[in-house]
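What follows is a set of notes on a single structure, which appears directly below.
The values are calculated or read from the model by the stated rules, or taken from the named source; none is laboratory data. What you see is a predicted model, and the numbers here were worked out from it, not measured in a lab. Please note: Cβ atoms are built from the backbone with ideal geometry, for glycine as well, and neighbour counts cover all protein chains shown.
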Amino acid sequence: MTCLPTPAPGAKKLGLVIDLDTCVGCQGCATSCKEWNASGHSAPLPDYKPYSAGAEGVWFNRVHSYEAGEGAEGRTVHFPRSCLHCETPACVTVCPTGASYKRAEDGIVLINHDTCIGCGLCAWACPYGAREMDEQQGVMKKCTLCVDRIYNETIPEAQRQPACVLACPTKARHFGDLGDPDSAVSRLVAERGGQPLMPELGYKPVNSYLPPRRRPDPAPVEDAPTQMDIRNPVLRWMDRVLSR
Amino acid sequence: MNPAPSIVFFTTASGAGYGLLFWLGLLRPVGLLPAVPAFALLCLAVALVLITAGLASSLLHLGNPQRAWRALSQWRSSWLSREGVAASITYVPALVFGWALWAGQPGLATLAGLLAAAGAAVTVWCTGMIYASLKPIPQWHHPLVAPGYVLLSAYSGMALLAAVSALGGVVGGPASFIVTLGIAGVILKLAYWNMIDGLRPVATAESATSLGFIGKVRPLDPPHTETNYLLREMGFRVARKHASALRKLALALAFGLPILLALLATQLGGGVALAALLLAALSALGGLLVERWLMFAEATHTVTLYYRGG
């Protein structure tokens, strides 16, 4: 059903918290995502013309880089973009077949590839560009929050996390229950002031982005006087002693 | 947005077909059209051919057309599903209408014709709402979009009706309707274009990235060096370069020429009127193809904020 489920009070809201302060834009999360999902729930994840000019394919995670601000305040920010598993996603309600759905038990937004007709309307309805068409199978594909890892009892418990989170070398990606105010991810969002993307559109993204920290203002450094600058021999001797 | 030819053709052809069905069902009982059943049957055939050709074309847009029947299930939430349901249901009174005309049952024909007209109006409204319900595309999420689909469908349907009526020797009424609806269409399109040109963006690169607190956000490195589905589907920008010329072309072909030809037909009558009204209908449909193409090409999607800034 493409009508949204009514979440029970205290229901799980699984999602990602992405730290824009520590992300170095290495593309590790994107390639790890591609690797896992090319053979998991969403398999295959095609590449078109992979070995020639015009190579492109379906990816669930795209890492952009931006410049924000001007002058001394300006900085480069690396920005991974993937499905935000919104609380009120229009990509689900516009689906004519019921293939696109939001799970009541944990809030993950998924696509049933056996019933998707590939009309593309959900991709139009998503403001974040989270959905990409598999033009070989003729069905829409998207981030599954690695639903085939996080509940997978055949892999060690420590690895039951999305592939992108495990791959991140700077621990800029965190996975957890954002519906529980005491979870590690919720505390991180509260401490660091995590932000939703395009909140003005009203889709209530679950994923949260931690803003880059402000750099401390560097104190103006005064040039130290050299031996040549100190004329008084007593002071020159003291400077020599203290500089040892 | 990428103007997929299958969708541009679908909304134009089916729109005109539903418009024709609407006017046929509505105007026949009040005696504004030739009374012979053959006339109504010809109109109905033209309408159903256009509707069916358009719907078939829309199936070409799908990645898995053989599953299209599944799209009838989610009418509670999805305008696309509602459109599918309305389009399917409308076939029932339309075919009953045809049978009643064939079998000489005027009472049933009137009732079925009115029901088919209602179905046609609902279907076109649903088509418009598919676009009008998409918040990430401000040029579509606009109060004039769904009324525009309905009005242009009514207008192109009337242009077809006038051409077929001229075959039956009735010119004046339908031709004057073309003028009225055409002027309404021009006003609506001019108002719509004027409003979308001054549209405030629904979101900014700053709100899309949450980095606005630092300052202006500019894309530095793209996430991929080649194109992708998002850029091909949502990042289409060829037509915006020629938008003003195409708008003039759309206005001239869709409304200007048909209005002039309709006025000419009311003055001259006879064979000239028939030729003029046939040409008017073709011109209107051609112009609406340009208008529908622009409707897509001029629409921008918030995902481009991530790639191009804003």
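Among the residues of the range A:64-103, which ones are of a type in the set (Ser, Thr, Tyr), touching a Gly at 6+ places or on another chain (Cβ under 8 Å) and more than 7 Å from chain B (Cβ to nearest Cβ)?
Across the range A:64-103, the qualifying residue is only A:Thr88.
Can you name every residue in the range B:51-75 that is hydroxyl-bearing (Ser, Thr, Tyr) and under 21 Å from the mean Cα position of the chain (by Cα)?
B:Thr52, B:Ser57, B:Ser58
Kindly establish whether A:Gln137 is facing chain B (nearest Cβ under 9 Å), at pLDDT 95 or above and more than 20 Å from A:Arg62 (Cα to Cα).
yes
Within the range B:154-194, restricting attention to residues that are in contact with a Gly (Cβ under 7 Å, 6 or more places away or on another chain) and in a helix (DSSP H, G or I), which residue is farthest from B:Ala262 (Cα to Cα)? Spell out how you get there, then give the answer.
Within the range B:154-194, the subset in contact with a Gly (Cβ under 7 Å, 6 or more places away or on another chain) is B:154-158, B:171, B:188, B:192.
With the extra rule that they be in a helix (DSSP H, G or I), the set shrinks to B:154-158, B:188, B:192.
Details: B:Ala154: 16, B:Tyr155: 13, B:Ser156: 13, B:Gly157: 14, B:Met158: 11, B:Leu188: 20, B:Tyr192: 25 Å.
Going through the qualifying residues, I end up with B:Tyr192.
Any idea which of B:Thr227, B:Thr209 is farther than 21 Å from A:Tyr209 by Cβ and within 14 Å of chain A (Cβ to nearest Cβ)?
None of the others qualify; the one that does is B:Thr227.
Within the range A:1-93, considering only strands (runs of 3 or more DSSP E) that don't extend past its boundaries, which have at least 1 residues that are polar (S, T, N, Q)?
Working: elements: A:14-19, A:62-68, A:75-81.
Once the strands (runs of 3 or more DSSP E) in the range A:1-93 are filtered for at least 1 residues that are polar (S, T, N, Q), what remains is A:62-68, A:75-81.
Out of all the residues in the range B:256-274, is one or more at pLDDT 95 or above, assigned to a helix (DSSP H, G or I) and within 14 Å of chain A (Cβ to nearest Cβ)?
No, there is no match, as no residue in the range B:256-274 is at pLDDT 95 or above, assigned to a helix (DSSP H, G or I) and within 14 Å of chain A (Cβ to nearest Cβ).
Considering only the range A:100-117, how many residues are farther than 28 Å from A:Asp180 by Cβ and without any contact (Cβ under 8 Å) to a residue 40 or more places away in the chain?
4
Out of (1) buried (at least 17 other Cβ atoms within 10 Å of the Cβ); (2) more than 7 Å from chain A (Cβ to nearest Cβ), what's the single condition that is false for B:Ile187?
The one condition B:Ile187 does not meet is (1).
Pick from B:Val170, B:Val164, B:Val179, B:Val217: which is within 14 Å of chain A (Cβ to nearest Cβ), in contact (Cβ under 8 Å) with a residue 40 or more places away in the chain and either farther than 23 Å from B:Trp140 by Cα or touching a Lys or Arg at 6+ places or on another chain (Cβ under 9 Å) (or both)?
Step by step, each of B:Val170, B:Val164, B:Val179, B:Val217 is checked, and only B:Val217 is within 14 Å of chain A (Cβ to nearest Cβ), in contact (Cβ under 8 Å) with a residue 40 or more places away in the chain and either farther than 23 Å from B:Trp140 by Cα or touching a Lys or Arg at 6+ places or on another chain (Cβ under 9 Å) (or both).
Could we say that A:Asn61 is closer than 25 Å to A:Gln159 by Cβ, of a type outside the set (Asp, Glu), within 12 Å of chain B (Cβ to nearest Cβ) and surrounded by 13 or more Cβ atoms within 10 Å (Cβ to Cβ) here?
Here the answer is yes, as A:Asn61 does meet what is asked.
Among the residues of the range B:190-235, write down those that are surrounded by fewer than 21 Cβ atoms within 10 Å (Cβ to Cβ) and hydroxyl-bearing (Ser, Thr, Tyr).
B:Tyr192, B:Thr204, B:Thr225, B:Thr227
Out of A:Asp180, A:Asp239, which single residue is in a helix (DSSP H, G or I), out of contact with any strand residue (DSSP E or B) (no Cβ under 9 Å at 6 or more places or on another chain) and surrounded by 13 or more Cβ atoms within 10 Å (Cβ to Cβ)?
Going through A:Asp180, A:Asp239 in turn, just one is in a helix (DSSP H, G or I), out of contact with any strand residue (DSSP E or B) (no Cβ under 9 Å at 6 or more places or on another chain) and surrounded by 13 or more Cβ atoms within 10 Å (Cβ to Cβ): A:Asp239.
In the range A:25-56, what residues are among the hydrophobic types (A, V, I, L, M, F, W, C) and either within 21 Å of A:Gly176 (Cα to Cα) or exposed (fewer than 13 other Cβ atoms within 10 Å of the Cβ) (or both)?
Pass one, the range A:25-56, residues among the hydrophobic types (A, V, I, L, M, F, W, C): A:26, A:29-30, A:33, A:36, A:38, A:43, A:45, A:53, A:55.
Answer for the range A:25-56, where residues must be among the hydrophobic types (A, V, I, L, M, F, W, C) and either within 21 Å of A:Gly176 (Cα to Cα) or exposed (fewer than 13 other Cβ atoms within 10 Å of the Cβ) (or both): A:Cys29, A:Ala30, A:Cys33, A:Trp36, A:Ala53.
Do we find a residue being farther than 19 Å from A:Glu87 by Cβ and not hydroxyl-bearing (Ser, Thr, Tyr) anywhere in the range A:193-207? Spell out the reasoning first.
Step one: list which residues in the range A:193-207 are farther than 19 Å from A:Glu87 by Cβ, which gives A:193.
Remaining after also requiring not hydroxyl-bearing (Ser, Thr, Tyr): A:193.
The answer is yes; a qualifying residue exists.
Could we say that A:Lys204 is in contact with a Ser or Thr (Cβ under 7 Å, 6 or more places away or on another chain), more than 8 Å from every other protein chain (Cβ to nearest Cβ) and either closer than 30 Å to B:Ser6 by Cα or acidic (Asp, Glu) (or both) here? Full working, then the answer.
Numbers: in contact with a Ser or Thr (Cβ under 7 Å, 6 or more places away or on another chain): yes; more than 8 Å from every other protein chain (Cβ to nearest Cβ): yes; either closer than 30 Å to B:Ser6 by Cα or acidic (Asp, Glu) (or both): no.
Spelling it out, it is not the case that A:Lys204 is in contact with a Ser or Thr (Cβ under 7 Å, 6 or more places away or on another chain), more than 8 Å from every other protein chain (Cβ to nearest Cβ) and either closer than 30 Å to B:Ser6 by Cα or acidic (Asp, Glu) (or both).
What pairs come up if the first residue lies in the range B:68-94 and is acidic (Asp, Glu), the second is modelled with pLDDT of 95 or more and part of a helix (DSSP H, G or I), and their beta carbons are under 7 Å apart, counting only those six or more places apart or on different chains?
Matching pairs, first to second residue: B:Glu83/B:Thr123; B:Glu83/B:Cys126; B:Glu83/B:Thr127; B:Glu83/B:Ile130.
How about the range B:260-275: which of its residues are buried (at least 23 other Cβ atoms within 10 Å of the Cβ) and in contact (Cβ under 8 Å) with a residue 60 or more places away in the chain? Before the answer, list the steps.
Quick first cut of the range B:260-275, residues buried (at least 23 other Cβ atoms within 10 Å of the Cβ) only: B:261-262, B:265, B:273.
Listed by number, the residues that qualify are B:Ala262, B:Ala265, B:Ala273.
In this structure, is A:Leu14 more than 10 Å from every other protein chain (Cβ to nearest Cβ), closer than 28 Å to B:Ile130 by Cα and either in contact with a helix residue (DSSP H, G or I) (Cβ under 9 Å, 6 or more places away or on another chain) or at pLDDT 95 or above (or both)?
Taking the combined requirement at face value, the residue does not satisfy it.
Return the residues of the range B:62-78 that are surrounded by fewer than 24 Cβ atoms within 10 Å (Cβ to Cβ) and part of a helix (DSSP H, G or I); say none if nothing qualifies. Walk me through it before giving the result.
First, pick out the residues of the range B:62-78 that are surrounded by fewer than 24 Cβ atoms within 10 Å (Cβ to Cβ): B:62-70, B:72-73, B:75-77.
Those that are surrounded by fewer than 24 Cβ atoms within 10 Å (Cβ to Cβ) and part of a helix (DSSP H, G or I): B:Pro65, B:Gln66, B:Arg67, B:Ala68, B:Trp69, B:Arg70, B:Leu72.
Just need a number here: residues in the range A:74-119 that are hydroxyl-bearing (Ser, Thr, Tyr), touching a Leu at 6+ places or on another chain (Cβ under 9 Å) and either over 14 Å from A:Cys3 (Cβ atoms) or surrounded by fewer than 23 Cβ atoms within 10 Å (Cβ to Cβ) (or both).
Going through the range A:74-119 one residue at a time, the tally reaches 5.
How many residues does the range A:189-232 contain that are farther than 20 Å from B:Thr302 by Cβ, part of a loop (DSSP other than H, G, I, E, B) and not acidic (Asp, Glu)?
18
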